[in-house]
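Below is one structure, written out as structure tokens; the observations come after it.
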Amino acid sequence: MDIKIIYFDLPFWRAEISRLPLFIANIDFEDFRPSDEEWDYAKENGKMKDGTKIPFSELPVLSINGESIAQTMAIARICGKLGGMYPEDIIEAGKVDQIVVAVENINALLSPSMKESDPLKKKAMRKELTSNELPTYFGYLQDILDANHSGWFVGDTMTIADLAVWSLLGWIASGVIDGISAEVVRPFDGLVRLYNEINKNPRVRAWKIKTYDHDKVRDDEYSFGVPDSI
Ligand SMILES: N[C@@H](CCC(=O)N[C@@H](CS)C(=O)NCC(=O)O)C(=O)O
């Protein structure tokens, strides 16, 4: 199978939930990270320079046997299935999907403050996120995790649901989002345990050593000093 995952040179959850299942399962894939210039070309032309279609002018995109698949969830299902980290059973699969979509919703909660340029408004938005919105969502996630009793969100092995939450928590806890720190995650001991457990996974460690640049900065606040533990 000819597999290429196209995403920016960042360990963002949207890409990590697809890159990691392939890497963990030792499935060969091209981890393509376009330069700004290559991405500008793709946005103008609807395709990469090698002809790979970019259907929605957004990344990630998966190129698989010459077909382009866009949208994080669609790509993660395919890579999760290939790597044995996405259930066959439709109910179990739905349980995985609901967690990944919740991660998407948390990401969407954070986005407006990323785009806010007025520092006072930004600070107020971050305060609201820290005191209300994020703890509420983390509470929902922790209840689901606790109810499963295995330490994983679904079934008794790691799935893309766990990886999505792990990657999101790493970003939030890394302190790169001004006004939001690991403290917002710390009260949720189940989520902290999950985060630390995944960090200990030897293949996850190998991936971090191979691909994470702790000093990488994409813009003022969008870097990843992803911590090893919370
Ligand atoms: N609905 C899309 C959203 C993807 C998305 O928002 N991608 C962002 C990066 S995280 C993007 O490509 N933005 C366009 C750009 O940076 O030019 C998905 O689920 O994959």
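The values are calculated or read from the model by the stated rules, or taken from the named source; none is laboratory data. Computed from a predicted model, the values in this text were never measured in an experiment. All Cβ positions, glycine included, derive from the backbone under ideal geometry; neighbour counts span all protein chains shown. Surface accessibility is based on the protein's heavy atoms, side chains included, excluding ligands, DNA and RNA. Shrake-Rupley method; radii C 1.70, N 1.55, O 1.52, S 1.80 Å.
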Please give me, ordered by residue number, the trypsin sites (Lys or Arg not before Pro) of region 26-98 that lie in loop per DSSP and have at most 12 other Cβ atoms within 10 Å.
K49
Over the alpha-carbon set of region 1-75, divide Rg by the Kirkwood Rh and report the Rg/Rh ratio to two decimals.
0.94
Please compare each pair in K4/K81; K127/K200; K4/K210; K53/K210; K4/K43; K4/K47 to a cut-off of 22 Å on the Cα-Cα distance and tell me which ones are over it.
K127/K200; K53/K210
Along the principal axes of its C-alpha atoms, what lengths does region 106-160 span, in descending order and rounded to whole Å?
45, 20, 11
Evaluate the distance, in nm, between pseudo-label points positioned 7 Å from the Cα of E30 and of K47 along their respective Cα→Cβ axes.
1.4 nm
Total charge of the residues flanking R205 in space, meaning their Cβ is under 15 Å from its Cβ, with Lys and Arg +1 and Asp and Glu -1, is +2
Rounded to the nearest 20 Debye, what is the dipole magnitude of the chain about its Cα centre when Lys and Arg each give +1 and Asp and Glu each give -1 at the C-beta?
180 debye
Take the solvent-accessible surface of the protein heavy atoms, probe 1.4 Å, and return the percent of it on region 90-211 that carbon and sulfur atoms account for.
56 percent
For the chain, with a Gaussian network of springs between Cα atoms less than 10 Å apart, report the residue from T136, T159, T72 with the top mean-square fluctuation.
T136
Quick one: compute the contact order of region 90-211, relative version, from alpha carbon pairs under 8 angstrom and 6+ residues apart, as a percent.
26 percent
Relative to the compact-globule estimate 2.2 N^0.38 Å (N residues), the Cα gyration radius of the chain stands at a ratio of 1.00
Using a Förster distance of 22 Å, the FRET efficiency for Y137-T211 (Cβ separation, nearest 0.05):
0.20
Sorted on mean Cβ neighbours within 10 Å (highest first), peptides 192-203, 169-180 come out as 169-180, 192-203
What residue among P119, I172, G155 has its Cα farthest toward the positive end of the dipole of region 90-211, where the charges are +1 on Lys, Arg and -1 on Asp, Glu, each on the Cβ?
P119
So the FRET efficiency between S111 and D9, C-beta based with R0 = 25 Å and rounded to 0.05, is 0.80
